[in-house]
Amino acid sequence: MNRHRIRPLLLTLALLSPPAAGETLDVDSAVRRALAENPTLRARRQALGIAEGRSRQAGLLPNPELEIERPAEKGRDLELRLGFDATSLLLRKGRTEAAAKDLAAAKAGIDSAAIELEFEVREAFHTLEDADRRLALTRDALDAAAAAREMAEALLAAGNTSALPAKAAIAEHESLHLAERDAEVSRTMALERLTRLTGLDAPLVEELAEAGDLPETPEIPASAVSRAVAGSFAVASAQRSLEAATLRARLTRREGRLPDTSVFVVSSRSGGEPEAHGSPSTGGSAWTWGGGVSVRIPVFDRKQGDVAGREAEAVSLRSEIDALSRAVASETREAEHHTASAHARARHLRDVVLPARRAVLEETLLHYNAMQIGLFPLVAARRSVIDAELLESAALRDYRIAAARLAALVAGGRPGRGPDTTAMASLSGNDANGANGGH
Amino acid sequence: MDRRSFLNLGGLATGAALLGGRALAASPSRKAPVVAPGGVAVVTPNGSSLPTRLVRGVRVGHLVAESVEHEFAPGLSAEAWGYNGGTPGPTIELVEGERVRIYVTNRLPEPTSVHWHGLVVPNGMDGVSGLTQKAIPVGETYLYEFTPRRAGTYMYHPHYDEMTQIALGMVGFLIVHPRRPEGQPVDRDFALMTHEWSLPVGARRPDPLAMSDFNLLTFNSRAFPGTEPLVVGVGERVRIRLGNLGPMDHHPIHLHGLSFQVTATDGGTVPESARYPETTALVPVGATRVLEFVADEPGDWPMHCHMTHHAMTQMGHGTPNLIGADTSAVDARMRRVVPGYMTMGTTGMGGMMEMPVPANSLPMRATPGPFGPIEMGGMFTILKVRENPLEDPDGWYRHPAGTVASLADPARMKADGIQEPEL
Ligand SMILES: [Cu+2]
């Protein structure tokens, strides 16, 4: 992105002036960037050319067949024969229609993939937000554990305690270093995922924009289930595939009943002496014209097997659409419930649990001031606040991801089955619902 | 009511007026404050005396056992149990040989009884529920009637569920004045009851189950700086009656600036031949000690239990020993870890001034004094010996020039051959 190219310049400017404000990335910008730059989605869009090519191919006229023969008989020196496959011509319209359906199915698959990519970006963004907060909070916890350790070591050095409290505090502090490493790894993974999704060559460098507050009520669209089913691109794609299969079944049936018919014209030229009657002399040779029809009589092979295959494909696709609709409805209900419960959980943490933990810390500080307790319970109370903050951060992330999943479903996507980085690039004719329709 | 003016009036009719309306309503007989012949009324600092009346030659009083909202010191209150609205209960003053009828109404949530501690009464009036009487049921009024036969300093307390009722504050003095003057007359006569309580910081009800973790030590159920000073004149003869009805602890009460003699216990008068001078009197649980002295040296003199933990207030025992620990690093870090964090206690407990503390608590609070914070609390009060005790009873003693310890003059040190040790 341009922003990255201009960053060195900004850094240079930063030496002269305070850092530029607004060097932040918000989730919507990340989505826009991914829709434009995601390599997998781009590959998939390019692969649409395969279906387009097939569609175009289906509309082309069959080529005429020209035979030129020099017979061995005396008196006839050249025979021209021009044939044309009439059956193919008759079936052309049907084939074009079926190929158009395949193309529509492939396009629906790409629309679905774009929505699913958007969800993935949102998921990755909120996961990174949480990972940022988690890393900061883990460092706060490490700080608190370091304070307990320093106090225990100071007490030991002064000769006021045995080595036991200091050893326990050292063990606790050192263990938290592992949590810090874990948080760093999690953050790196989240960052790289967002980087991959947004199609960058190097990791994101912007700070994430300040996370907004939890909305007062969960963002659940009205009639989400019916909208998700009606607008599902996966269902639409399977439906286009079904239509294509139905058209092809009809076409095959017709093809089986139609005698395989070719029409042809024949022209031959006689060599040597002029005939006693007939055409005026052309100076030694004359063209004669004839024509005919070649018909393969559909007595035994009326493509019954192919027809049965096409019909079975249609029946199977119909069942698949039914299953897909039910699955989308179920996933949407699940997402609605998940959004509502994640919201309730995040709100309870924000409005009840965290204030309660902070109140314990405040009261503990008062008791510490009153010399009723020592530093260790005070540090423990701070750690409890940090634990609640970690839970709140995760709950906020879970809510945002749940709401994004629901929004994606309502927009017609099937999040969680988003762009598959290995299988996405291949897109075959009758498999338009391939990446999205499986179960 | 301003306690100071009460004190200055000597508590004569004022105490009766305080509670008379409630305890002795429609009686036709005369109010009869009790004063030792030729003596002064007993003053119960922070407390009161029970108003009594003479009805056809019998002294009549009324005790109401009840729950009381009690303030130990400004900032620390609790729901205690007591008599007639307070803890300790009002000091009952009787006269040797004068018949007395004391009505006891039980407004507690459980039965009670009253035992006249140290006093010899007919066995059925001894107040031991189950053994010498039925317990007074909730809401009932019982009558105790007897004639005190011997002058002295006694006490009263319940003898039903003693552990709970005494721990929650149901104690009081019962003083029998002699019919005829005995011993040397005194100019001041004070009564102070020691007590120990378990009241967790921030809590509102003392814990009667405590056996050793007492964190609140009191004179007349008040903790310094809530204790009212004893103001006396230079050269006055002073009597201080100490009683101990605390749950578990004996208290060595120490007086600065004078020496005294123990002239009586609740067992009777100590013969002159058995008295000896001392500055600390151990007051065991369930005993009284009467101290007498002449205060010759003017000043503000502490009077306190000499158990150091008893002259502190609401100390916790869950803090590690920080003396000598270098906590500079941890302090800097803690200010970041816990906003609002303050450092304490690495050079001793002194010098700790106001920090935000839990609501309804009195921990480690230093009281402003004339020379700085007074790092005392709990069972601590001040005996103010003044040329004119009426002049400024609330103020601090004004020391004559050159009589207060202060920074040494180096020239004087050198002249005296004093060298500070090298650091
Ligand atoms: Cu003591």
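With all pairs of different alpha carbon atoms counted, what Kirkwood hydrodynamic radius in Å does region B:152-245 show?
On the way: mean 1/r = 0.0652 Å⁻¹.
It works out to 15.3 Å.
Once you list every other residue whose beta carbon is under 15 Å from the beta carbon of A:L82, what net charge do they have if Lys and Arg are +1 and Asp and Glu are -1? Value of the local net charge: -3. Rg/Rh, computed from the Cα trace of region B:3-305 with Rh as the Kirkwood radius, has the value 0.94.
Restricting attention to region A:148-212, which GluC sites (Glu not before Pro) occupy a DSSP loop and are surrounded by at most 13 other Cβ atoms within 10 Å?
Details: sites: A:E150, A:E153, A:E172, A:E174, A:E180, A:E184, A:E192, A:E206, A:E207, A:E210; in loops: A:E206, A:E210.
Passing sites in region A:148-212 are A:E210.
Can you give me the % of accessible surface on chain A that is carbon or sulfur? Probe 1.4 Å, all protein chains present, nothing else counted. Spell out each step's value before the answer.
On the way: 12820 of 23180 Å².
Ligands and nucleic acids excluded, carbon and sulfur give 55 percent.
Among B:R289, B:R99, B:R241, the residue with the largest mean-square fluctuation in a Gaussian network model of chain B, with springs joining Cα atoms closer than 10 Å, is B:R99.
Counting, for every residue in A:142-152, the Cβ atoms of other protein chains within 10 Å of its Cβ and taking the mean gives 5.
Given the peptides A:356-365, B:153-162, B:119-128, arrange them by the average over their residues of other C-beta atoms within 10 Å, most packed first. Display every interim value, and only then the final one.
Numbers: A:356-365: 17.6, B:153-162: 23.8, B:119-128: 16.1.
The densest-packed peptide leads the list: B:153-162, A:356-365, B:119-128.
Calculate how steeply helix B:328-337 sits against the longest principal axis of the alpha-carbon atoms of chain B, using the helix alpha-carbon long axis, and give the answer as 0 to 90 degrees to the nearest 10. Roughly 70 degrees, rounded to the nearest 10.
Of A:L391, A:L80, A:L409, which is the most mobile in a GNM of chain A whose springs link Cα atoms less than 10 angstrom apart? Of A:L391, A:L80, A:L409, the most mobile in the Gaussian network model is A:L80. Beyond 19 Å, the tail of the calculated P(r) for region B:202-277 holds 54 percent of the Cα pairs. For B:S328, neighbours were defined as the other residues whose beta-carbon sits under 13 Å from its Cβ, and their charges (Lys and Arg +1, Asp and Glu -1) total -2. Expressed to the nearest 5 percent, the antiparallel share of DSSP beta bridges inside chain B is 75 percent. Largest GNM mean-square fluctuation across A:G49, A:G290, A:G59, computed for chain A with C-alpha springs under 10 Å, falls on A:G290.
Once C-alpha pairs closer than 8 Å and six or more residues apart are averaged by separation and normalised to the residue number of chain A, the relative contact order reads 28 percent.
Okay, helix-only estimate at 222 nm for the protein assembly as shown: each DSSP H run of n ≥ 4 adds -39500 (n - 2.57), divide by all residues, round to 500 deg cm²/dmol; what do you get? Value at 222 nm, helices only: -13000 deg cm²/dmol. Of the beta bridges in the protein assembly as shown, as assigned by DSSP with both residues counted there, near 75 percent are antiparallel. Each other residue within a Cβ distance under 11 Å of B:A80 adds +1 if Lys or Arg and -1 if Asp or Glu, for a net charge of -2.
From largest to smallest, what semi-axes in whole angstrom does chain A give when each is the square root of 5 times an eigenvalue of its alpha carbon gyration tensor?
Working: eigenvalues 1173, 127, 58 Å².
Whole-Å semi-axes of the equivalent ellipsoid: 77, 25, 17.
When all alpha carbon pairs of the protein assembly as shown are counted in 10 Å bins from zero, the resulting P(r) reads 2, 9, 12, 12, 10, 9, 8, 8, 7, 6, 4, 3, 3, 2, 2, 1, 1, 0, 0 %.
The values are calculated or read from the model by the stated rules, or taken from the named source; none is laboratory data. Everything numeric in this text was worked out from a predicted model, so none of it was measured. Counting neighbours? That spans all protein chains shown, and the Cβs are built from the backbone with ideal geometry, glycine included. Ligands, DNA and RNA are excluded from the accessible area calculation, which covers all protein heavy atoms including side chains. Shrake-Rupley method; radii C 1.70, N 1.55, O 1.52, S 1.80 Å.
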